[in-house]
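Quick notes on the structure that follows.
The values are calculated or read from the model by the stated rules, or taken from the named source; none is laboratory data. None of these values were measured; they are calculated from a predicted model. Note that each Cβ is placed from the backbone with ideal geometry, even for glycine, and that neighbours are counted across all protein chains shown. Accessible surface is based on the protein model in full, side chains and every heavy atom, while ligands, DNA and RNA are left aside. Shrake-Rupley method; radii C 1.70, N 1.55, O 1.52, S 1.80 Å.
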Amino acid sequence: MEGGVFWAVAVLAAVLVGLSKGGLPVVAMLGVPVLALVVPPVTAAGLILPVLIASDVFGLWAYRRVFDRRVLAILAPAAVLGIGFGWLTAAQVSERLVTGIVGAIGLVFALNLLLRPAPPAAPGPARVGPGLFWGAVAGYTSFVSHAGAPPYQVYVLPLRLEKAAFAGTATVFFAFVNAVKLVPYWALGQLSPANLGVAAVLMLPAVASVFAGVWLVRVIPTELFFRLVTWALLLISLKHLLSVV
């Protein structure tokens with residue numbers, strides 16, 4: 001893990017992670033794919049997790065008063081089950097299969113949002129059943145490849161949360177998920193001293209980007225914000241599907 005190309009790509013991945021913690025959750029999905037251009041995917045996931053957690057600290061501070069408690073109460077316990085299932089099946093389920101599933105879910109959902117008539121402005125109810133299902137899926141896909149955003153958004157976007165609440169709820173939820181993932185990642189040997197040393201350097205651009213993300217959420221108009229999130233979900237999902245073809 002040396003050389004100018006590696007560090008250029010790694011810093012870009014760290015910036016994407018920081019922007020996601022500033023309130024642009026789908027952007028985080030780009031971190032592992034970008035870093036996997038220069039290191040193996042498993043190594044990339046191990047490098048990104050400490051950077052995610054360091055960025056979480058500042059994201060939590062930025063959104064400490066703006067999040068939806070009911071949504072978190074539904075999703076968080078289910079995410080723990082999803083992470084546990086991912087840990088138990090880590091040796092049996094290929095990352096390729098999970099990547100394909102994540103891509104398919106995100107693609108269908110994004111196309112549905114873009115092609116159907118605009119949803120009503122009033123928020124929908126945060127139902128427990130769907131929340132438990134999508135929370136577990138988000139926990140599982142986040143464990144495998146830090147790709148929990150599409151399942152999370154399938155549940156949360158129809159709720160039509162206020163823009164800051166949407167960003168804050170995502171930040172708090174994934175901070176919780178990332179903290180839980182520390183135990184299985186350590187047990188699986190993905191938090192090696194070498195990875196932690198590189199991650200420590202990448203934390204600096206990541207943390208700076210958290211505040212850039214917070215600023216972008218504040219200045220982007222609400223409808224444009226959700227439109228950009230949906231298009232990002234579509235493009236990332238296509239990338240996932242193309243990578244397994």
A 1.4 Å probe over the protein heavy atoms gives the chain a carbon and sulfur accessible-area percentage of 74
Considering the dipole of the chain built from charges on the beta carbon (Lys and Arg +1, Asp and Glu -1) around the Cα centre, which of L242, G46, L191 is farthest to its positive end?
L242
In terms of the ratio Rg/(2.2 N^0.38 Å) built on C-alpha atoms, what value belongs to the range 176-245?
1.52
Under 25 Å Cα to Cα from K163, which lysines show up? Leave out anything in the same chain fewer than 8 places away.
K21
Assigned charges on the beta-carbon of Lys, Arg, Asp, Glu; the range 158-245 dipole about Cα centre (debye):
100
Could you please state, rounded to a whole Å, how far the C-alpha centre of the range 50-116 is from the C-alpha centre of the range 128-146?
6
Just by accessible area at a 1.4 angstrom probe, what is the order of L75, L182, L242 from largest to smallest?
L242, L182, L75
3J(HN,Hα) from dihedral phi, the range 214-225, Karplus parametrisation 6.51/-1.76/1.60, rounded to Hz, x for glycine, proline
4, 5, 4, 4, 6, 8, 7, x, 4, 5, 5, 4
Can you order the peptides 191-199, 151-159 by their average number of other Cβ atoms within 10 Å per residue, highest first?
151-159, 191-199
Dipole of the chain, Cα-centred, from +1 at each Lys and Arg C-beta and -1 at each Asp and Glu C-beta, to the nearest 20 debye?
560
Semi-axes of the equivalent ellipsoid for the chain, Cα gyration tensor, largest first, Å
26, 20, 18
Relative to the first principal axis of the alpha-carbon coordinates of the chain, what is the inclination of helix 41-62, with its axis defined by its Cα atoms, in degrees from 0 to 90 and to the nearest 10?
50
Candidate aspartates and glutamates for bridging to K239, where Cα separation is under 16 Å - those fewer than 8 sequence places away on the same chain excluded
E95
